[in-house]
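The values are calculated or read from the model by the stated rules, or taken from the named source; none is laboratory data. The shown structure was predicted, so the numbers you read here are calculated from the model rather than taken from an experiment. Cβ atoms come from the backbone with ideal geometry, glycine included; neighbour counts cover every protein chain shown. Heads up: the accessible areas ignore ligands, DNA and RNA and are worked out on the full protein's heavy atoms, side chains in. Shrake-Rupley method; radii C 1.70, N 1.55, O 1.52, S 1.80 Å.
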Amino acid sequence: NFELAETDDARRAAMNDRPDPDAYVEKFKALAEANPDSPTGHSAWAWLVTYAPRNGELQERAIEEMMTKYPESIRMDQVCINLMYGNPTVKAMNRLQSLLDNSPHDSVKAAASFAMASLLNDATELKGAELDERMKQYYGEETLEYVNTFEPDPSRIESLYETIVEKYPDAKVQFVMRELDLAEMAESALFEIRNLSINCVAPDITGEDLDGVEFSLSDYRGKVVVLDFWGHW
């Protein structure tokens, strides 16, 4: 119903009417365990990768089952996206590299590339951050251990996004109730890296001041400028 909805109100209604995944987690776990090494077990573990409680023991088990038993499955793209929404760790990076090297599917390679770039970016930001005890507990020992030995490499992140745009321009991944256009997302990330990062020249902006006089941001090049973006809806 969500995919057929044509208005925002219809989409919101479809979202509100969808079954609660939590009510089915144990049933899918039982189904997976009762059908090892079979298409049914494969489908059940793939479902649990996305819908089991995030970063919990069951999701970790589902990811490990998929990595071990079904590494060439096209549904490994779900593993990649869920790893992306986790924290950067040695285990996560090794899993993504394995899929990038060995998967026969372009969509999985694209998803692994995007997830790896995202986690490398997260690790780069964490590397220079001062974390209080609460944040350290949130990220956990595995992540902090990885970040402590991590050497930031912006060119590697940019290269991964470039690979998606150049080699997998048509790669799309269905995630929950959305279709992710990975090449489009990679292009957006590349634009941010190349135009909106610290030390980049700000993109030119034109507009009118309070007196209706047109101006451009480039008119103030060389001067200290404070930009205040705001709006009301």
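Kindly indicate whether E184 is closer than 30 Å to W47 by Cβ, among the acidic types (D, E) and open to solvent by 50 Å² or more (accessible area, probe 1.4 Å). Walk me through how you get there before you give the answer.
On the way: closer than 30 Å to W47 by Cβ: yes; among the acidic types (D, E): yes; open to solvent by 50 Å² or more (accessible area, probe 1.4 Å): yes.
So E184 fits the description; yes.
Grab the strands (runs of 3 or more DSSP E) fully contained in the stretch 135-215, keeping just those with 1 or more residues being more than 30 Å from D8 (Cα to Cα).
Details: elements: 172-175, 178-181, 206-208.
It comes to 206-208.
Mind counting the residues in the stretch 16-60 that are at pLDDT below 90, assigned to a helix (DSSP H, G or I) and open to solvent by 50 Å² or more (accessible area, probe 1.4 Å)?
4
Within the stretch 189-213, take every residue that is among the β-branched types (V, I, T) and under 14 Å from F229 (Cα atoms) and give me the one that is modelled with the highest pLDDT. I'd like the intermediate steps shown before the answer.
To start, the set of residues in the stretch 189-213 that are among the β-branched types (V, I, T) comprises 193, 198, 201, 205-206, 213.
Narrowing further to those that are under 14 Å from F229 (Cα atoms): 205-206.
On the way: I205: 85, T206: 91.
Here the residue is T206.
Give the residue, chosen from Y85, Y70, that is open to solvent by 20 Å² or more (accessible area, probe 1.4 Å) and under 16 Å from the mean Cα position of the chain (by Cα). Steps first, please.
On the way: Y70 fails: under 16 Å from the mean Cα position of the chain (by Cα).
Sole residue among the options that is open to solvent by 20 Å² or more (accessible area, probe 1.4 Å) and under 16 Å from the mean Cα position of the chain (by Cα): Y85.
From the list V108, V147, which residue is more than 14 Å from the chain's Cα centre (by Cα), β-branched (V, I, T) and surrounded by 12 or more Cβ atoms within 10 Å (Cβ to Cβ)? Before the answer, list the steps.
Values: V108 fails: more than 14 Å from the chain's Cα centre (by Cα).
Result: V147 is the single residue among V108, V147 that is more than 14 Å from the chain's Cα centre (by Cα), β-branched (V, I, T) and surrounded by 12 or more Cβ atoms within 10 Å (Cβ to Cβ).
Could you check, for the stretch 156-164, whether at least one of its residues is more than 17 Å from F191 (Cα to Cα), without any contact (Cβ under 8 Å) to a residue 40 or more places away in the chain and either open to solvent by 30 Å² or more (accessible area, probe 1.4 Å) or in contact with a Cys (Cβ under 7 Å, 6 or more places away or on another chain) (or both)?
We begin by selecting, within the stretch 156-164, every residue more than 17 Å from F191 (Cα to Cα); these are none.
Taking every residue of the stretch 156-164 in turn, none turns out to be more than 17 Å from F191 (Cα to Cα), without any contact (Cβ under 8 Å) to a residue 40 or more places away in the chain and either open to solvent by 30 Å² or more (accessible area, probe 1.4 Å) or in contact with a Cys (Cβ under 7 Å, 6 or more places away or on another chain) (or both).
Only residues that are under 18 Å from Y85 (Cα atoms), at pLDDT 90 or above and not hydrophobic (A, V, I, L, M, F, W, C): list them for the stretch 161-187, please.
Correct list: Y161, K172, D181.
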